[in-house]
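To start, the structure itself, in structure tokens.
The values are calculated or read from the model by the stated rules, or taken from the named source; none is laboratory data. It should be emphasised that the depicted structure is a prediction, and the values quoted were computed from it without experimental measurement. Note that we place each Cβ from the backbone using ideal geometry, even for glycine, and neighbour counts take in every protein chain shown. Side chains included, ligands, DNA and RNA excluded: accessible areas come from the protein's heavy atoms. Shrake-Rupley method; radii C 1.70, N 1.55, O 1.52, S 1.80 Å.
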Amino acid sequence: MRAMMRRWLPFLAWRRPTLSVIGADARAGIAVGLVLIPQAVAYAVLAGMPPITGLYAALLPAVIGVLWGSCNLLGAGPTALTSMLVAGSLAGMAAVASPEWVELAIWLALLAGVMQILLGSLKLGSIVNFLSGPVIGAFTQAAAVLILLSQLGGMLGVNAQQVQAMIAMGGGAGAVWQTLHWGAFAFGVGTLAFLLVLKKHSRRFPLILIAGVVCTLISWLTPFHVSGGAIVGDLPSGLPQLVLPGVPSWQEIRLLLPLAAVIALVSFIEAVSSARVITRDRRERWNENQELIGQGLAKVASGLSGAFPVSASFSRSALYLYAGAVSGWAAVFTALCIVAALLWLTPALAWVPVAFLAAVIVVSVLNLIRPSWFINLWRSSRAEALIAIATFAATLIAAPQLQWGVLTGFLLALVHYLYQRSHPRLVEVSIHPDGTLRDRARFALPRLAPDLLAVRMDASLNFVSAPQLERYLRDAIQREPGLRRVLLDALPINDIDTTGLDMLNTLIAELRDRGVTFYFAAVKKQVEDAFRQDGLLKRVPAEQFFRTEAEAVAHLRAPGEDADGTEAKGLDAALA
């Protein structure tokens with residue numbers, strides 16, 4: 001009963017906190033909260049949502065994600081990548097920040113959260129491995145570039161719509177300067193320079209908060225807004241109300257489901273990356289299925305709060321770690337900071353310049369853009385580098401529908417995977433001087449016997465690889481009519497399907513009719529079980545199966561001495 005309770009309520013396994021733990025968690029939680037307040041507002045704007053929803057998304061999800069997750073220092077809340085996915089997903093479905101847009105974003109959070117909860121409950125956390133590292137890396141960097149480009153206008157104080165209108169009427173490059181607001185330019189560029197120059201101190205001091213306070217005070221004390229400078233504007237005060245939005249139409253649900261699936265997968269990859277770093281540093285274990293449930297519940301809590309999908313922030317999680325957080329109680333103190341902001345700071349937040357928020361977003365995504373990553377990937381694997389480049393380009397071209405970039409990368413990676421599996425390494429093997437079976441062509445080894453072809457395939461025997469093995473053996477026997485025995489070294493074969501079984505049955509029967517005997521060596525248990533269920537063990541005599549490579553060599557090699565004049569020793573000593 002206790003085990004079941006801890007399965008559904010994992011926070012019951014937390015240790016009882018001491019005063020020192022509470023003190024450390026309070027300091028770390030407040031430090032993260034001071035950074036999160038301006039970040040949350042900025043990411044809400046990036047997602048096309050009302051600014052106040054960023055604080056809603058930073059309140060309950062931060063606590064829920066820690067309570068039901070497996071890594072209690074994972075900072076759940078608004079993130080740049082997930083916010084960009086929300087904006088890209090809903091583009092064209094409703095007007096930005098309109099009630100319809102907000103409602104669709106809420107349903108994105110609910111649907112993505114339910115998907116993650118189901119995957120975690122069914123213990124399918126390994127699904128995250130279906131997207132390869134090159135695909136995720138390229139997609140993340142392309143999304144970061146798009147985020148950067150989308151925020152340049154706001155950070156530089158340029159009204160993009162006015163520029164487009166003036167250019168359409170025949171205006172040149174000077175249209176940019178005519179619409180530029182120098183006050184917003186100063187806020188944006190000044191914030192960017194401040195955060196970049198003092199970047200190395202960002203963990204010791206809440207630089208974003210300091211910059212935000214300074215910018216907000218200047219905005220309030222000067223006629224910045226009166227002169228046309230963009231500010232956040234009036235925000236409702238008070239805590240969010242938990243409500244379920246109106247049910248969208250079936251057509252809208254059909255459109256939202258694949259978008260929610262992409263958000264669920266990509267945001268969980270964000271969480272996995274952060275959790276691995278934190279647990280490795282703290283030498284703790286974590287459960288990816290439980291983390292899926294925690295992240296899913298955090299999204300559901302965000303949706304019910306009237307906000308948008310959330311994820312785990314790597315930067316905030318790292319700040320928890322750096323600031324000395326010990327347990328999940330740090331998230332509670334972060335949430336208290338958000339509560340204070342919602343109850344008492346919304347009048348001040350109304351004067352925050354939009355250019356400052358844009359600069360915060362730009363600084364956040366600059367760390368994600370790493371051209372050297374592509375160079376290193378090219379050195380490691382050109383095929384995977386090409387997949388990454390294609391994913392990067394597809395994401396940029398498909399913007400704002402970013403899910404097509406992920407799908408492109410997934411399909412290309414799948415094709416590459418199948419191509420590799422359909423071209424397994426097939427080699428003729430023979431005895432090496434060190435006593436092992438090695439590639440005969442690579443080491444210029446003599447055959448085990450003149451009439452014997454010993455073959456090894458470094459892959460599972462399935463519908464993808466079976467035709468390759470069959471073609472290899474048929475071609476070899478056709479080239480050398482003198483072959484009377486074939487040995488399949490099955491040690492690398494971990495699995496076999498019905499296509500592989502059919503191929504073996506057909507080939508063995510044909511070779512028998514031509515006077516060629518087929519032998520097996522080192523067949524693994526799971527493959528032997530498949531042979532038994534298929535009946536192949538009854539059709540092939542037991543003396544044609546050898547438990548080890550050594551036994552096969554001892555029975556099948558030419559009698560007397562090796563072709564190079566050394567005595568036949570077998571593999572027993574070498575494989576012992």
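Computed quantities for the displayed model
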quantity: Label point distance in nm, TRP182-ALA509, each placed 7 Å from Cα along Cα→Cβ; calculated: 9.0 nm
quantity: Overall form of region 358-451 per C-alpha gyration tensor (a/c, 1.5; a/b vs b/c); calculated: prolate
quantity: Three-way shape call for region 310-420 based on the alpha-carbon gyration tensor, with the a/c threshold at 1.5; calculated: prolate
quantity: Computed accessible area, ASP234, all protein chains, 1.4 angstrom probe, square angstrom; calculated: 150 Å²
quantity: Additional length obtainable on full extension of the chain from ARG276 to ARG425, 0.36 nm per residue less Cα span; calculated: 50.3 nm
quantity: Check: the chain dipole with +1 on Lys, Arg Cβ and -1 on Asp, Glu Cβ, in debye; calculated: 1180 debye
quantity: Nearest-0.05 FRET efficiency for LEU19 and ALA441, computed from C-beta distance (R0 60 Å); calculated: 0.25
quantity: Length released on extending from VAL96 to ALA261, taking residue separation times 0.36 nm less the Cα-Cα span; calculated: 57.2 nm
quantity: Estimated vicinal HN-Hα couplings, Hz - region 318-327 in sequence order (Karplus 6.51, -1.76, 1.60; Gly, Pro = x); calculated: 5, 5, 3, 5, 5, 7, x, 5, 10, 9
quantity: Mean-position separation - Cα centroids, region 33-92 and region 230-286, in angstrom; calculated: 7 Å
quantity: Estimated distance in nm for a label pair at ARG283 and LEU418, the labels positioned 7 Å out from Cα along Cα-to-Cβ; calculated: 4.6 nm
quantity: Selected from LEU491, ILE508, ALA184, residue furthest toward positive end of dipole (the chain; charges at beta carbon); calculated: ALA184
quantity: Helix-only mean residue ellipticity at 222 nm for the chain, each DSSP H run of n ≥ 4 adding -39500 (n - 2.57), per residue, nearest 500; calculated: -19500 deg cm²/dmol
quantity: Principal-axis tilt of helix 354-366 within the chain, Cα atoms, nearest 10 degrees; calculated: 20 degrees
quantity: Between helix 525-534 and the chain: long-axis angle, C-alpha atoms, 0 to 90°, nearest 10; calculated: 70 degrees
quantity: Neighbour-limited loop hits for chymotrypsin sites (Phe, Trp or Tyr not before Pro), region 419-473 (at most 10 other Cβ within 10 Å; DSSP other than H, G, I, E, B); calculated: none
quantity: Peptides 432-439, 240-247, 62-69 ordered by average Cβ neighbours within 10 Å, highest first; calculated: 62-69, 432-439, 240-247
quantity: Per-selection metrics, region 85-163 (Cα): Rg and Dmax in Å; calculated: 16.8, 51
quantity: Set of region 463-487 residues, backbone N closer than 17 Å to the point 7 Å along the Cα-Cβ line of GLN544; calculated: 470, 473-474, 477, 483-487
quantity: Extension gain from TRP378 to LEU12, taking 0.36 nm per residue of separation minus the Cα-Cα distance; calculated: 127.1 nm
quantity: Three-way shape call for region 168-322 based on the alpha-carbon gyration tensor, with the a/c threshold at 1.5; calculated: oblate
quantity: Mean separation of Cα contacts under 8 Å (6+ apart) over length of the chain, as relative contact order %; calculated: 22 percent
quantity: Rough spin-label spacing in nm, given labels placed 7 Å along Cα→Cβ, for VAL189 and GLN401; calculated: 3.8 nm
